[in-house]
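The values are calculated or read from the model by the stated rules, or taken from the named source; none is laboratory data. As the structure is a prediction and not an experimental result, all values here were calculated from the model. Heads up, the Cβs are rebuilt from the backbone with ideal geometry, glycines too, and the neighbour counts pull from every protein chain shown.
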Amino acid sequence: MKFFHVGDLHLGKQLHGYDLIKDQEHMLEELLSYIKKEQPDAVLIAGDIYDRAVPSGTAMQLLEHFFIQADELAKEQKAVEIILIAGNHDAAKRLQYGSSFMKRHHIHIAVMPPQQEDANLEQVTLTDQEGVVHFYLLPYTKPGMIRHWVEQEELANTQDAVKFLLEREQIDWNERNVLLSHQFYLHANEDTVLCDSETPSFSVGGLDSIATTFVDKFDYVALGHIHSPQNLGDPHIRYAGTPLKYSVSEADQNKSITVVEMGKKGEISYHYLPIHPLHDVRALRGKMEELAAQCTEIPCHDYVSIVLTDEEAVQQPRDYLEKYYDHILEIQIDNTRTRQIMEEEIPALKEMSLEEAFMTFFQESTGRPMNEDEQKKFAQIIETL
């Protein structure tokens with residue numbers, strides 16, 4: 001049994017105001033090419049299909065196109081089962097729309113934990129020459145989602161809710177079992193690697209975290225929610241990570257698709273398929289002229305975050321650097337002057353009005369004070385907010 005494990009897609013996401021839909025389209029096309037080449041039995045997508053609860057029409061069309069193309073492959077080779085769950089960014093009812101029809105086309109969508117006492121986790125069972133593999137689907141779960149049919153004292157936190165749901169499943173541990181889950185898991189005393197694109201506030205050791213001991217009996221645990229690819233202890237409990245870099249803090253990460261191959265019970269191997277983004281995300285640091293000289297392809301189309309280290313004031317750095325890098329995310333200045341401001345003047349800035357703080361920032365950034373016309377324009381902008 002071979003299957004792909006893909007992390008949070010976040011279709012429709014923007015990065016510092018740049019629309020990533022073309023990047024995501026390119027990524028899904030590469031995923032489809034890997035499906036055609038590797039011919040997995042299933043593709044597991046671990047939640048946060050969309051970036052917003054109300055996704056854009058373009059994002060929804062992109063997912064539909066992926067489904068259609070995956071279904072078209074079944075005419076050329078064996079059908080691949082697409083198995084996905086809702087994450088905390090997804091609106092359950094919207095993601096669920098059409099799911100009964102899509103199941104006929106090998107697309108399985110689970111959006112909520114069981115909503116009544118006689119219900120169980122949604123499950124997909126596939127068969128190979130070694131027998132059956134059961135895929136248990138656990139969408140993003142909070143205690144409040146099931147309290148209407150569970151005694152409230154049993155669910156003090158998210159861990160209690162997940163533990164409760166798993167323990168009531170009649171799992172045959174002599175067979176091969178896979179869990180697909182979108183939660184915040186912790187392994188022993190190890191730190192889970194986080195990054196800036198994860199908007200929720202994770203409660204380490206608190207109400208939102210779940211110990212991996214509650215899921216380690218599964219043959220594989222396909223996790224979503226955390227954007228950095230990583231194993232939690234053993235490789236059979238894994239966050240695949242997002243397929244694209246969704247923050248500058250991920251610039252040094254290598255994004256990939258996790259490929260899991262199962263033989264007999266207890267026999268499992270892994271390899272990783274690299275994702276080649278349409279535009280990379282890079283963090284650059286140096287003097288303005290040095291960074292311009294480093295650009296080997298003009299203009300460079302990567303998304304770049306720039307830290308300038310020039311000691312002298314630089315005039316309109318974005319206008320200058322955009323000739324070399326046409327997808328600048330941000331420009332920061334780190335030199336003796338700015339470090340002194342951070343050390344000495346930040347307390348004073350807290351006492352300033354918004355206008356005073358911006359005028360100070362302007363002067364420190366440009367080396368000159370705002371003129372009267374610029375002050376008037378700034379005041380007009382503030383009035384519109």
Check residue 71 against each of (1) assigned to a helix (DSSP H, G or I); (2) closer than 27 Å to residue 161 by Cα and name the one condition it does not meet.
(2)
Suppose the filter is in contact with an Asp or Glu (Cβ under 9 Å, 6 or more places away or on another chain) and over 30 Å from residue 331 (Cα atoms); does residue 59 pass it?
no
Checklist (1) within 21 Å of residue 126 (Cβ to Cβ); (2) touching a Pro at 6+ places or on another chain (Cβ under 7 Å) applied to residue 43, failing item:
(2)
Do we find that residue 231 is in contact with a strand residue (DSSP E or B) (Cβ under 6 Å, 6 or more places away or on another chain) and at pLDDT 95 or above in this structure?
yes
Looking at segment 277-295, which of its residues are surrounded by fewer than 18 Cβ atoms within 10 Å (Cβ to Cβ) and either under 25 Å from residue 24 (Cα atoms) or in contact (Cβ under 8 Å) with a residue 24 or more places away in the chain (or both)?
278, 280, 283, 285, 292, 295
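Might you let me know whether segment 28-46 holds any residue that is at pLDDT 95 or above, within 23 Å of residue 261 (Cα to Cα), part of a loop (DSSP other than H, G, I, E, B) and under 19 Å from the mean Cα position of the chain (by Cα)? Before you say what the answer is, go through the steps one by one.
Within segment 28-46, the subset at pLDDT 95 or above is 28-46.
Among the residues that remain, those that are also within 23 Å of residue 261 (Cα to Cα) are: 28-46.
Okay, now just the ones that are also part of a loop (DSSP other than H, G, I, E, B), so 39-41, 46.
With under 19 Å from the mean Cα position of the chain (by Cα) added as a condition, the list becomes 46.
Yes, some residue in segment 28-46 is at pLDDT 95 or above, within 23 Å of residue 261 (Cα to Cα), part of a loop (DSSP other than H, G, I, E, B) and under 19 Å from the mean Cα position of the chain (by Cα).
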Residue 140 passes all but one of (1) among the aromatic types (Phe, Trp, Tyr); (2) in a loop (DSSP other than H, G, I, E, B); (3) modelled with pLDDT under 95; which number fails?
(3)
Within segment 71-87, is there a residue that is closer than 28 Å to residue 305 by Cβ, surrounded by 19 or more Cβ atoms within 10 Å (Cβ to Cβ) and not acidic (Asp, Glu)?
yes
Test residue 61 against the criterion of being assigned to a helix (DSSP H, G or I), of a type in the set (S, T, N, Q) and under 22 Å from the mean Cα position of the chain (by Cα), and give yes or no.
yes
